[in-house]
């Protein structure tokens, strides 16, 4: 009995020593190649599966790489960037970070160039179109993790009841379809302009008129194309074709209402297919291309990325082995497939080519407009859209775009 | 020789030494508290003031000192007047209604009646529950699409169709005020109840003998006795309600623009959406200053510490 107690205590002391030496303050021990290295990793939650997926990857990685530990921290998208900002300010930036915008960090020299934290094989495997978006001033800083595109989801039963024959392909047809559905007593179109993702809804419409948010050097929100799109959005609102209070509607709760069959049309993501299967498999719905002003295909594409913060030079090797390990086929394909996203690697695209639910989204990807994440002013623009775009409901479209542009200009 | 004649100076010096000795002796006991106060009050407050005079990049790098530039920017903010007005309305309405309702509730709970203990326990419930949880219950209840309160109001014919209570400025602030009162009542009621129980029975008897009616007894005898309890309840409520983030953040969080913001939620938006740590710090210093001014004015005017 006594000896068991002693053994337990010794074991606890040993664990305690390990824990202390592997935390950030144990700088000496992590310097040697045979000592323990700890990589801090900060990632957002994409779904309920995110934690389990990353934990699986980390477990396999740690088993294959003796002496390297990965500390995982998961935050909601809402909090992710303020958590990161606080960490950077405290000098405790995570070694690996999964996020959207990266150029503000790159411009301050906080990031490793991609070639320092991934092998040439890994870098060569990325599809060209994605790799291009990861560069700032000619250097690639981030590794594209996943892609996603938006498509129009429509409720077939509501279409039938309202006498809408085919999904709309132009704005005019969309207005028409929404009008017919609204006349039956159900909102025709769901427009979420609340803070959750106002920038996404805005860019889908802007892209549908040949507009966008600009490029890596200039943010262009207040343009004639965007204004025309915003005026059309306003038209949909004033004609009463959207759900009530679009300016204060968050996307996720609104999609739930669509899932219950109480909205005619919404823009949604590949994951929505899985959500419908799980929550309301009886929903009779279809997926179509995003209707645009002229009928030319265009949509919003989103790409998220992994980047590595430069804290302690001794960790570069461990980061590299993690990146190479993760982007290898079996780990990566499983991760992307379970999360319901589109792959960014050539090998991943081959492996997932047969996935039918992803087909319509993969087709739309070439016509996708991306956020200007490589522009250092993008963070501020994104924030301005989140807090101001909803004012479209009550204010003049021109003045809303002007206010957002002013915020973007102030930050660049 | 001089053992018995201690000059006064030596005596004072001795007293000082004794004081220092007793401070050193007390250090192990008060030390942890001092560390705690320094760690969670003094240091963060000082750091916040320091941040408010810096320029901090979007990424979080501390770039340079800018003096009071952040303050002049914050004070010139066109949204500020509306935000301050909202803050004043929010604090005044919540605190006033809470105190009035709590006075009534405390008087009621002070009377003997069957089941009084149970009712007293029930009053504590909103206090015991997490504010975020309570507010979320209200938030979902008021939801247009699946809210039970909305359905109820439609069913009994008050509303023709469901209304987005949390999506319109006035309605959302109103709903937040209701929740604010709901969660503030327990503490206030208990503070006032304690005050009521301290009112001596003989004073009430004397008032009765002198022929004072119920209303006169309440306003001229009981209420003045409640002075210090009321003063504490009001002061703590003002600070609490002024600094409240969760209720407003949940109830008015989805409203675009800044028409429904108080100083607290605005600071949060500047930090979360604009990622301006420096401006948010400047606003927090402003917030801190306002609270100090309110407390100072209150202590000066009401003199809650005065015994009479």
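Percent of Cα-Cα pairs more than 26 Å apart in region B:81-302, please. The proportion of pairs with Cα distances above 26 Å equals 48 percent. For peptide A:241-248, the mean count of partner chain Cβ atoms within 10 Å of a residue's Cβ comes to 5. When restricted to Cα atoms, region B:217-308 yields an Rg and a Dmax of 17.7, 57 Å, respectively. Relative to its residue count, chain A spans a Cα convex hull of 162 Å³ per residue. Here the contact order of chain B, divided by its residue count and restricted to Cα pairs under 8 Å and six or more residues apart, works out to 27 percent. When Rg and Dmax are taken over the Cα atoms of region B:33-80, they come to 13.8, 42 Å.
Take each peptide in A:73-84, A:346-357, B:55-66, count the other Cβ atoms within 10 Å of every residue, and average; sorted highest first, the result is B:55-66, A:73-84, A:346-357. Its residue count N sets the reference 2.2 N^0.38 Å, and the alpha-carbon radius of gyration of region B:174-213 equals 1.83 times that reference.
Cα-based radius of gyration for region B:121-221, normalised by 2.2 N^0.38 Å, reads 1.62. A Förster radius of 41 Å, combined with the Cβ-Cβ distance separating residue A:398 from residue A:357, puts the computed FRET efficiency at roughly 0.55. Every helix of 4 or more DSSP H residues in the protein assembly as shown counts as -39500 (n - 2.57), and over all residues that averages to -17500 deg cm²/dmol at 222 nm. Once you treat every alpha carbon in the protein assembly as shown as an equal point and sum by Debye, what is log10 I(q)/I(0) at q = 0.07, 0.11 Å⁻¹? Rounded to two decimals, the profile gives -0.64, -1.29.
When peptides A:196-207, A:391-402 are ranked by their average number of other Cβ atoms within 10 Å per residue, the highest-first order is A:196-207, A:391-402.
Principal-axis analysis of the Cα atoms of chain A puts helix A:270-279 at an angle of about 90° to the longest axis. Over all distinct Cα-Cα pairs of region A:215-346, the Kirkwood formula returns a hydrodynamic radius of 19.1 Å.
Averaged over peptide A:378-385, the number of partner chain Cβ atoms lying within 10 Å of each residue's Cβ comes to 3. Against chain A, whose longest principal axis is taken from its Cα atoms, helix A:397-411 shows a tilt of about 20°.
Legend: mean number of C-beta atoms from other chains within 10 angstrom of residue C-beta atoms, peptide A:259-265, equals 1. Mean projected area of the convex hull spanned by the Cα atoms of region A:163-290, taken over all viewing directions: 8.2 nm².
Taking the longest Cα principal axis of chain A as reference, the axis of helix A:171-183 is set at about 80 degrees.
Bear in mind these aren't lab numbers, they're just calculated from the coordinates by the rules spelled out. Note that the structure is a prediction, hence the values are computed from the model and not measured. Glycine also receives a Cβ, built like all others from the backbone with ideal geometry; neighbour counts cover every protein chain displayed.
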